[in-house]
1. If you check VAL135 against the conditions, is it farther than 20 Å from TRP82 by Cβ, touching a helix residue (DSSP H, G or I) at 6+ places or on another chain (Cβ under 9 Å) and buried (at least 20 other Cβ atoms within 10 Å of the Cβ)?
2. Going through segment 1-28 one residue at a time, which ones are of a type outside the set (Gly, Ala, Ser) and in contact with a Phe, Trp or Tyr (Cβ under 7 Å, 6 or more places away or on another chain)?
3. Would you be able to say whether some residue in segment 75-92 is in contact with a Phe, Trp or Tyr (Cβ under 6 Å, 6 or more places away or on another chain), modelled with pLDDT of 95 or more, of a type outside the set (Ser, Thr, Tyr) and assigned to a strand (DSSP E or B)?
4. Name every residue in segment 3-57 that is at pLDDT 95 or above, basic (Lys, Arg) and either buried (at least 20 other Cβ atoms within 10 Å of the Cβ) or within 24 Å of GLU238 (Cα to Cα) (or both), in order of residue number.
5. Within segment 154-179, which residues are part of a helix (DSSP H, G or I) and among the aliphatic types (A, V, I, L, M)?
6. So how many residues does segment 1-54 have that are touching a Lys or Arg at 6+ places or on another chain (Cβ under 9 Å) and either in a strand (DSSP E or B) or of a type in the set (S, T, N, Q) (or both)?
7. Within segment 260-277, identify whether any single residue is small (Gly, Ala, Ser), modelled with pLDDT of 85 or more, assigned to a helix (DSSP H, G or I) and buried (at least 16 other Cβ atoms within 10 Å of the Cβ), and answer yes or no.
8. Restricted to segment 164-214, and to residues that are acidic (Asp, Glu) and at pLDDT below 55, which residue is nearest to ASP110 (Cα to Cα)?
Amino acid sequence: MPSMKEYALQYQKLGFSVIPINPRNKMPLIEFADKPAMTASEIETFWDGFPNANIALRTTNFFVVDIDKHGKENGFESLKKWEHLNLIEPTLQAKTASGGKHLLYFKRDDEPITQMIGFLPGVDIKAHENNYILVAPSATDKGQYEWDLEKSAEGGTIVTPSRDLIRAIKKQYGKTHGYRYDGKDGLRDLARRSQTRERTQTTDLFETIALGFGDEGGRNDKLAKFVGGLLFRAVDDEVVVQLARLANANSPNPLPDKEMMRTIESMIKKDRRLEQLVML
């Protein structure tokens, strides 16, 4: 069986931006945000030192329909009931370690798409250029990632979706979250709340995703408060990182990725210590 290094090199050869991932916690083992893709030489050197590192691909020129089951939310059922299911074309599919599915589509130049967590219950859209998905043969404690070539498009190819599909996704995202889609792209245009409704801490979290952590002073404090709010609501660590990256990208002056990750990891460790105290 080929080694993880050989798989990583093959993905790089196919034009993907490869990221090494910690197999224990699904966190990146390198700084990659806004940086050039790893070269073949860099991949060889890294996996020689960490041969068991998992493999992820950055969603640079493709986006992912991420289908999963979270408690009562069943993404497969949500998608089956979606009125625009007919717009979803066969494309490259993967089985995730948790029993979910990834559908990969090339991005369109004439109809941009952005990150949309909770596009439907149990279904996310992963599209930010600094986001990523784990790919085969990566494995976690939940199982292994596998390409589902039997249900993929012929030849296991990634297809370019219709503009109608992307527009339908954007409209549904607005509908799911109580916003009116105005034909523009980006969360800033969708994050509009009626001033007559009661504001809550959850309101602040949603608006932070759309508007970011502000400019210069107080960014780390706002990031820490944001992460703490998500962890308090039992959001998965990986999703916390994804949402923080999205909020940071929407900030007028984003934090450096290394600085952002240091704050996130500190908050996660603090949250774990609190959990242990509660269980004593």
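The values are calculated or read from the model by the stated rules, or taken from the named source; none is laboratory data. Only a predicted model underlies this, so the values are computations on that prediction, with no experimental measurement involved. When we count neighbours, we look across all protein chains shown, and the Cβ atoms used for this are built from the backbone with ideal geometry, even at glycine.
1. Values: farther than 20 Å from TRP82 by Cβ: yes; touching a helix residue (DSSP H, G or I) at 6+ places or on another chain (Cβ under 9 Å): yes; buried (at least 20 other Cβ atoms within 10 Å of the Cβ): yes.
In short, yes.
2. Step one: list which residues in segment 1-28 are of a type outside the set (Gly, Ala, Ser), which gives 1-2, 4-7, 9-14, 16, 18-28.
The answer is MET4, LYS5, VAL18, ILE19, PRO20.
3. Taking segment 75-92 and keeping what is in contact with a Phe, Trp or Tyr (Cβ under 6 Å, 6 or more places away or on another chain), we get 91.
In the following step, the residues that additionally are modelled with pLDDT of 95 or more were identified as 91.
Of the ones still in play, those that are also of a type outside the set (Ser, Thr, Tyr) are none.
Looking through segment 75-92, none of the residues is in contact with a Phe, Trp or Tyr (Cβ under 6 Å, 6 or more places away or on another chain), modelled with pLDDT of 95 or more, of a type outside the set (Ser, Thr, Tyr) and assigned to a strand (DSSP E or B).
4. LYS5
5. So in segment 154-179, the residues part of a helix (DSSP H, G or I) come out as 154-156, 163-176.
Within segment 154-179, LEU165, ILE166, ALA168, ILE169 qualify.
6. Counting residues in segment 1-54 that are touching a Lys or Arg at 6+ places or on another chain (Cβ under 9 Å) and either in a strand (DSSP E or B) or of a type in the set (S, T, N, Q) (or both) gives 4.
7. Of all residues in segment 260-277, those small (Gly, Ala, Ser) come to 266.
Next cut, modelled with pLDDT of 85 or more only: 266.
From what is left, the residues that are assigned to a helix (DSSP H, G or I) are 266.
Going one step further and asking which of them are buried (at least 16 other Cβ atoms within 10 Å of the Cβ), we end up with none.
Checked against the condition, which is being small (Gly, Ala, Ser), modelled with pLDDT of 85 or more, assigned to a helix (DSSP H, G or I) and buried (at least 16 other Cβ atoms within 10 Å of the Cβ), segment 260-277 yields no hits at all.
8. First, pick out the residues of segment 164-214 that are acidic (Asp, Glu): 164, 182, 185, 189, 198, 204, 207.
Those left that are additionally at pLDDT below 55: 185, 189.
On the way: ASP185: 11, ASP189: 18 Å.
Here the answer is ASP185.
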